[in-house]
Every structure is written in C-alpha cells, then in structure tokens.
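Structure first, commentary second.
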Amino acid sequence: MSKKLMIYVLLFAFGTQLFAAIKLKAIYPQSFQDRIMVENGIMVVLQEIDPYSATMKVYDSTDPANLDLLSTMDIPYRSGYAPRLRNSMLYIGLPHTGQLHCYSLLDPANPILSYTYAYYMYDLRDMAFSGGYLLVSTQNGGLRVIDISDEENPTEIGSYVDGNQLDRVWAFENIAVVLSYDADAQSAELKVLDITLPAYPNFTGSIALPGYDQYDSIYLSFYRDGSDVYMYMSYSINNYATRIFSFDTVNIPVQMGSLSDGHRATAYHGDQSISVSTMKLTVNDMLDPLQPVQMASFSNIGNWQDHEIAIDYPYAYSLGMVAHCFDISDLSSFDLYTDSVDAGNASSNLRGRDDILYCSDAIIPLNQDGSFSDPLVCPGLAGKAILAINDQLIYAHGLSTPNYGGSLWSMDDPLNPQLLSSFNTTEAKAFLIDNYLLIEENSSANQTLIYDVSIPTAPILVSSLVGRFSAAILQGNALWLAHHTGLQIYDFQDPVNPEFISTTSWTKPLRYLPQMTYHNGYLYVGGFFEELRIYDMNDHHNPVYAGTAILPFGYDAVNATPVISSDGELLVSTGIANHLVLYSLADPAAPEYISHLELPFSMRIGHYYAHRVYIMHDILLYAMPLPSQTSTLDSIQNPIPVISCGPNPFTGHTTIRVNLSDSKAQYKPELAVYNLRGQMIKSLSLNPQAGSLQEVLWDGRDDQGMLCATGIYLLRLSERGVSLALGKVILIK
C-alpha cells in the first residue's frame, strides 16, 4: 500500500492547520561540541586541548543569545568520562590519574580547585548524584558511594559490587540504576538498587538488554507523578523504542508500557518533558506518564544524534553535534492557512518548471496565485526521484528495483511526460544544462559522466570528469562545478574534451555541500557556516571573491540552492535554525538582509513561482509566501477575545467560554477544535448576536460523532480566517 502525501498550502486564505513551535534562542559554535553544562544562569564549556586536558570556560548565560565570558582555566580532563555540574560544583573524573577533581564555581569569575579525591579512581566510568551523595560506577570496583555533604571532606561510605564492569550509573531520589556489562558473555543488563540507606545499596531487580552492544548509547530518565516514579529507557534496539517502568514500594522495577517513537535524552520541568528523538526535539505533556502527548516540536534532520538535554528554565539546551538553546516558556502557536489534496506516494525530491511541480507519483499544476491544483499521476514516473529538469526534459532515477536506473522524459506535454531513453547508472546527483546531462556516479569510480542529450532518444556519452560535484552551472563556454574543496572551472567549448581552467578554494568551512545560483554577473554560494559567499563572475573563467551575506543566526548554514525571486531578491533556506531568509540585491555584491521566517521543521527550497516558495518536509509539500516585514508565522495576538474552559482536564464534557467584548455587531466569529497534528476535528457554533460572553459545550466528540482520543486539543477563535485567540483543553477518557 502506498504512503499518502498530503499537500498543504500555506497561504493566507482557505482552511487552517495549527502548529505549536519551540522558539529557537541560540546556536553555538562547533568549539562548544566537546561538553556544555548549564545551571542557574551559568554555562560551563569544556573544550578539549588534548586527550588529557581541556580549557574550562565559564559564561554568564542569563541571556543565552549573548553569552558573557566570566573566566577561563586549563584543567586536567579525560574525554569520554562525563563531568557533572551540581550546586555550583564541577566534578571531573580522571581515570588516567586515579583522581576525582572538584571545582568550585560559587564565584564563576574565579573558579578554584576545591578538592582532589584520590581513592583509586583509575577505573571510573560514570557519575550520578542522589541527595548529598555522589555515585561513581567503575570497571572493576563496582558502584562506589561518596558522601559529599561536606564539600571540604568527601568520604566514601559504601559500595555495590556484582563482579561485572559498571559502565553507567543513574540516580533519582532513593533509586540507583547501573549498567552492568559482562565482558565474557558480551551481554548487559540494568540493575536497580534501593539506596534509601546510601551506605548499603540493596539490589532489587534487573532489566535485560537483549542485543545491547557495549558501545551503544543508552538513555534513562526519571519522572515523579504524585507518589509514583516512572523510568524511561531506550537504546538502539527497535530504533530506540522507549520502555516505561514503575517501581513498587521496595523499588522493584515493573514494566508498564512502551513508546514506539523512542525518546532518547530527556529532561523534565514541572509536568512537561523535553526529549530528543531521531530527528527532532519535542516538548511533551506528562499528564499521563504512560502516554506523553507532544505539545510542540523543533525538527532538524541529522542534528540530534547522541544529544543530551539540559534544563535551566526557561531555557532548554540540546547538546551534541550542534548545540541549540530553546525558550520553552512560551510554546507559541501560529497559524498556517492551508488547503490539502492527496497526491499519492512522494519522495523528498521536489523539482519545478514554471507553474508545475514534479515529485514521485505526482505532478501538481499551480494556479496563477501559486496555490495548488489537483495533482495528476504519471504512471511511468511512479517510484522515481526527479533529479533534474529543464524546459524540454526531465531526468529521473528509480528508487528501487525493478525501476532502478536513470531515464529521460519528454516535456512536450508537461502534464504527461513521455519516456525517451533509459540509463544503467548508479548516480546520486544529475544536472541538465543546455543539451548536456551530467551524472555523478554513486560508486567508487569518483567521476561525473557527461552525455549529449540533443537527441534525447539516443543519449551519447561524450566525456567524463574526475570528481563528484554538488552543483553545476554552464554560462557561455564556462562550466562551473561546486566541489566540497572549491569551485572548479572548465572551458566547455568542446564537451568531448572539457579543458580544466582553475580551482578557487573555499576559504571558509562548509556545513553542507555547496549549492549555488547565478544572477546578473554574480555567483551566490551556500553551505558555509554563518554566511553566503558571493563571487564576481563577469570574467567567466576568473572568479573574484566579492563579499558575503550574513545569516540571521550565527553558526547556521544555507542547505539548498539559493533562489532569485521575480523581484530580483535572494531567498535561501537554512538547515540548522530552519529559516527562510530574504535579501535585497540592490547591491549584488553585498546582499542586504530584509527579513526571515522561522519554521519548526527542517526544509529545503524546491521551487519558486508567483511569489511563493515551495518546500518539502517529510511527506508534506508546502507553498509559502516570501518573508517580508509584515509577513510572519507568529500567532496574531489580540488581548480582547479570550478562550477559557472548564473543567480542564475533562472526561465527559467541558464548557468553553469565549469573551467577544470588543467584537461589535459585524463580528462573525468561528470556534473550532484541532488536534496537535493541526487537523480541525470539531466546529462549534457561536452567535454574533448573543452577547459578548458566550458558552459552548463540547462533549469530546468530532464532527462525525466519534469520541476523540485522550490527549491535548487546541481551541481556535477566528474571524474570516484570521486567528483572534487560541486555547488548550485536555481530554481524558
């Protein structure tokens, strides 16, 4: 059965989809990747110097977007043995010297080494805290319990030994959990300990970890719900599916359920959890600990592997390959006005030609205003990725057998492409430029093939170039190829024997493979951290660096081909902050920032038409207005109309109260209930003549009369498609 693609049109008209977004506050540089810890407005960054030392930098993080460096200090450090920050004390394990160092940050401008604990810490593996006790897991010495209530005189008071190496330790109140690894059997299990008496850890139960590899990442977190404590555990098996445990009165673990959408690193604030799953960060409502409900998210493909989460409310820090800071105090809702159609199965490859979009299984004509018409199907293109397109041809590549391989299609009838020829290739990228098709082979050959497709029914392989390229532009007789090392230029006057002219090396580090576009004598190249680079190409064979366009967020990077709008403005998408950024090209060598849109999901620009930019995210295709000073996705705030309801949470029915005190007689309000996927499930009636204060009963059923599932629902008050107020209600069956 094929997957279904819902195409949502993000125009300021038609129906509505609601999203809840997490506000991105800051992105931190690669030098912060080694280790970040935060607590009470103080951030500690450890930047590795060599395997045995690091520079400790202490910042005032009251404003995470403008860190104030308070102090620096070079300290002994062993990478891979997680340090811990607690109560303004930084604990650093040094297994190579057998010591545990503790630094006082009570005066963050003048950190000092408070004490050195040197009781045979050579095999230290991990650390955790419980009350005034430090728990240290070791390779050969079991679990060691150290009383640190007197910071000047730490005392080891107890231990637990099971004969295996204890690679990890976690603790919550009077519960400790250790990861016990049997090196001979190459098997592992979690062992639960009652530490009500810290000097005498008492084993209460174990949890098997089938298929666990010693080098797997494993994630544990604890959440208290009244008198109950829940533990959430995931590792690589079943794609990090999360198992949920509770504990009886003597702390014996009992599995209570599981979550298929595995939460990896997780932290808690109040009745919310902040979690990292495969490709996104989510804020979840913990009303039902066995079924956390997603309230808001920020997705960013490829940036969440092996992350950790730290909370210094109102900020949450996602720490890993890219370090982000989010403001979680306001999970702002914003409206994306939508229309939708079913376009069948789709891949992430989106290409466009004027007023037509092409993706796997679907051809979508665009109306004059940029909105979508009903999708069409070209059976021959089903299951193929659209890799390249021009005015005459489409080049597609089969995603799986028996359709694997490349093919050329005629665009004589753009709504019904016809197969012209096929290729037995294993390409990853392809470019159609004039009468030539460049195919980058996805093999060890490390070459790009050049075909003459002037007779598309009989393509001719005319030459090849050494290397693989992420972008290609032919201007006159000059062929410009973007390589990860620099811009390569060939004289293409004789395509059978392209003549290499030069390479212009990039002088800035790349975050993504370089993508480029050409406009009025200038080449705009993205992929670099923090900026877009501009080259004067008036001499086609001699690029001259002309300047940069700075991105709104430091350490962000452009992740797709830049677009030139019909007004001659430059539009780019970024891959870390999830921005669409618009620049003026009044001075083409120095683009001037106009504005940007912040999105809660990662995307790449696929096409531009009629002042709309078209992007693909997951299996959703969006058409979005260009950013402008007045075009924003932030919710429209109006302090007069107010939504409230009670009881909330509710089980049978709830009364929704709406204040229309400033509506006047011309008001035609609409009230509706949405699920967290943005789908309207229930329309509720309001009477504009019934007065400023109105009450509406909702029985928890949708428009079809079906009882809705337990969870969080959004209430939206609007007039003629414009949001006036948003509310939240929780249904419990």
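Centre-to-centre separation between the Cα atoms of region 356-381 and those of region 468-505: 33 Å. Summarising the amide proton neighbourhood of Y436: residues at separation of 5 or more, or on other chains, whose placed amide H is nearer than 5 Å comprise V453. Relative to the compact-globule estimate of 2.2 N^0.38 Å, the Cα radius of gyration of region 546-596 comes out at 1.05. With the gyration tensor restricted to C-alpha atoms of region 36-116, the semi-axes of the equivalent ellipsoid amount to 21, 13, 10 Å, longest first. Close amide H contacts of S221 (hydrogens built in the peptide plane, cut-off under 5 Å, sequence separation of 5 or more or a different chain): Y232. By other beta-carbon atoms within 10 Å, ranking V38, V322 with the fewest at the front produces V38, V322.
Dividing the Cα radius of gyration of region 217-324 by 2.2 N^0.38 Å, with N the residue count, gives 1.03. Once the mean of 1/r is taken over each pair of separate Cα atoms and inverted, region 125-259 shows a Kirkwood hydrodynamic radius of 15.2 Å. Each label was represented as a point 7 Å from its Cα along the Cα-to-Cβ direction; for S464 and D74 these points are 5.1 nm apart. Remark: region 108-117, residue by residue, has Karplus-estimated 3J(HN,Hα) of x, 7, 9, x, 9, 6, 7, 7, 10, 9 Hz, where x stands for each Gly or Pro and the curve is 6.51 cos²θ - 1.76 cosθ + 1.60 at θ = phi - 60°. Taking all Cα-Cα distances within the chain, those exceeding 32 Å account for 62%. With θ taken as phi - 60° and the Karplus curve 6.51 cos²θ - 1.76 cosθ + 1.60 applied, the whole-hertz 3J(HN,Hα) list for region 376-390 is 10, 10, 10, x, x, 8, 4, x, 10, 8, 7, 9, 8, 7, 9 Hz, x standing for glycine and proline. Backbone amide hydrogens, once placed in the peptide plane, bring R604 within less than 5 Å of M616, excluding anything fewer than 5 places away on its chain.
Charged neighbours of Y315, selected by a Cβ distance under 9 Å, balance to -1 (K, R count +1; D, E count -1). Going from the residue with the fewest nearby Cβ atoms within 10 Å to the one with the most, L697, L100 rank L697, L100. With all pairs of different C-alpha atoms in the average, the Kirkwood value for the hydrodynamic radius of region 471-549 is 12.6 Å.
Quick note: the coordinates plus some simple rules give every number you see, no bench work behind them. These figures come from a predicted structure and were not determined experimentally. Counting neighbours? That spans all protein chains shown, and the Cβs are built from the backbone with ideal geometry, glycine included.
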